[in-house]
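Written below as structure tokens is the structure these notes are about.
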Amino acid sequence: MKRELTIAYFALTAICIIWGTTYLALRIAVLHFPPLLFTAIRQISAGLLVLGFMMLVMQARLPERRQIISQAIGGFFMISMGNGLVAWAEMEIPSGIAAIICSLMPVLVILINLGIQRDEKPTLPIAFGVALGISGILLIFSEHLNEFSKTEYWVGIVLIVTAITGWAGGSIWIKKRHTESNPFINAGLQMFFGGIWVIPFSLLFDDLETVQWSAEAIYALLYLIVFGSIVAYISYLYALKKLPMTIVSLYAYVNPLVAVVLGWLILDEKLNAMIGVGILVTVLGIYLVNQGYRSGSRKRLAVTES
């Protein structure tokens, strides 16, 4: 059990780092390629690669029909909505703004959990930690907040809020299935079906005449298929299976921090005292949420043993 938890936290660390880089890669991609079509190609390719490897090399089998349908539903909310709408939104807003809005995902997880089930109730320290984490994110991107007055930014905001709502709901849906089927097969199915669901929306909303197979689009596609989809998504599903949902959702706080540091190192973007304070506040929020859930777990265990 301890070994599994260690692996789960390593997986969560990988999510925090890798998905923190995907906002930049996605922003580059949608400047050269229709966003929904790009999402469909990315996720279908990743799903087929994972399924092909597991079935041909590892001799794994597909789960029963009921479980396939369950993974397809999860793929619609997490991939089609979660990834597809973020890609679409990044045509209207910068990757940093996208990251800060996506950091609200843990709040949605808590709200959805409160509405549909009772086994992971947030305590006062957890709620305070969530609020503190969001405050830190707002401090980091405070210099960009004036951009929200523009119409195109509001379009992007609505798309991303819808996306993270779908991702949060889909994550809870998958976690509550309690399936014992192969997690790699599950990941492949979710990515594959998630990409399939996007195709009709691409035909309706994408401007397919803007397709450009530029070097930037190809490199972004390859990076997002291998790391953003296969490595990180499988890590996410593993962490989701072994850790509390709200602990896993904390990656949404760390992703914007990674984006800030990468922007400073690679693109010479601003990293000043205000951003530094925001990073410290965000990390403190993550710590409080983590400690709150550990405390709650210990109390539940003590009640069970008594």
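Points to keep in mind about this one:
- Pairs where the first residue, in the range 140-156, is closer than 14 Å to Glu90 by Cβ and part of a helix (DSSP H, G or I) and the second is modelled with pLDDT of 80 or more and among the charged types (D, E, K, R), C-beta under 7 Å, 6+ apart: Glu152/Glu92; Tyr153/Glu92; Val155/Glu92; Gly156/Glu92
- Consider the range 204-230 and keep the residues that are outside any helix (DSSP H, G or I) and among the acidic types (Asp, Glu). The one that is surrounded by the most Cβ atoms within 10 Å (Cβ to Cβ) is Asp206.
- Ser70 meets each of the listed conditions (1) surrounded by 19 or more Cβ atoms within 10 Å (Cβ to Cβ); (2) on the phi > 0 side of the Ramachandran plot apart from (2).
- In the set (1) surrounded by fewer than 24 Cβ atoms within 10 Å (Cβ to Cβ); (2) not in a loop (DSSP other than H, G, I, E, B), the condition left unmet by Gln59 is number (2).
- Counting the residues of the range 121-157 that are within 19 Å of Met274 (Cα to Cα) and acidic (Asp, Glu) gives 2.
- Condition check for Ile164: in contact with a Cys (Cβ under 6 Å, 6 or more places away or on another chain) and in contact (Cβ under 8 Å) with a residue 60 or more places away in the chain: yes
- Filtered residue count, the range 234-268, keeping only those that are outside any helix (DSSP H, G or I) and under 12 Å from the mean Cα position of the chain (by Cα): 2
- Long-range neighbours under 8 Å by Cβ, at least six apart or interchain, first residue free of Cβ contacts under 8 Å to residues at least 60 places away in the same chain and farther than 17 Å from Thr246 by Cβ within the range 278-289, second part of a helix (DSSP H, G or I) and hydroxyl-bearing (Ser, Thr, Tyr): none
- Candidates Ser202, Ser181, Ser214, filtered to the one that is among the polar types (S, T, N, Q) and in contact with an Asp or Glu (Cβ under 9 Å, 6 or more places away or on another chain): Ser181
- For Phe193, the test of being surrounded by 18 or more Cβ atoms within 10 Å (Cβ to Cβ) and out of contact with any Cys (no Cβ under 8 Å at 6 or more places or on another chain) is passed.
- Single residue of the range 96-135 satisfying the filter (at pLDDT 80 or above and among the small types (Gly, Ala, Ser)) that is surrounded by the fewest Cβ atoms within 10 Å (Cβ to Cβ): Ala131
- For the range 73-87, the criterion of being surrounded by 16 or more Cβ atoms within 10 Å (Cβ to Cβ) and more than 17 Å from the chain's Cα centre (by Cα) is satisfied by no residue at all.
- Selection of first residues in the range 242-265 that are touching a residue at least 60 places away in the same chain (Cβ under 8 Å) and among the aromatic types (Phe, Trp, Tyr) and of second residues that are crowded, with 23+ Cβ neighbours inside 10 Å and not in a helix (DSSP H, G or I), restricted to Cβ pairs under 6 Å at least 6 apart or on distinct chains, gives the following pairs, ordered by first then second residue: Tyr253/Ser103.
Quick grid of which residues meet (1) without any contact (Cβ under 8 Å) to a residue 40 or more places away in the chain; (2) touching a Lys or Arg at 6+ places or on another chain (Cβ under 9 Å); (3) assigned to a helix (DSSP H, G or I):
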site: Ser171; (1), (2), (3): no, no, yes
site: Ile174; (1), (2), (3): no, yes, yes
site: Glu180; (1), (2), (3): yes, no, no
site: Leu189; (1), (2), (3): no, no, yes
site: Phe192; (1), (2), (3): no, no, yes
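- Of all residue pairs spaced 6 or more apart or on separate chains, those with beta-carbon atoms under 6 Å, a first member in the range 53-74 that is in contact (Cβ under 8 Å) with a residue 24 or more places away in the chain and a second member that is in a loop (DSSP other than H, G, I, E, B) are Met54/Ala60; Ala60/Asn182; Pro63/Ser181; Gln67/Thr179; Gln67/Ser181; Ser70/Arg177.
The values are calculated or read from the model by the stated rules, or taken from the named source; none is laboratory data. Just so it is clear, the model here is predicted, and its values are computed rather than measured. Please note: Cβ atoms are built from the backbone with ideal geometry, for glycine as well, and neighbour counts cover all protein chains shown.
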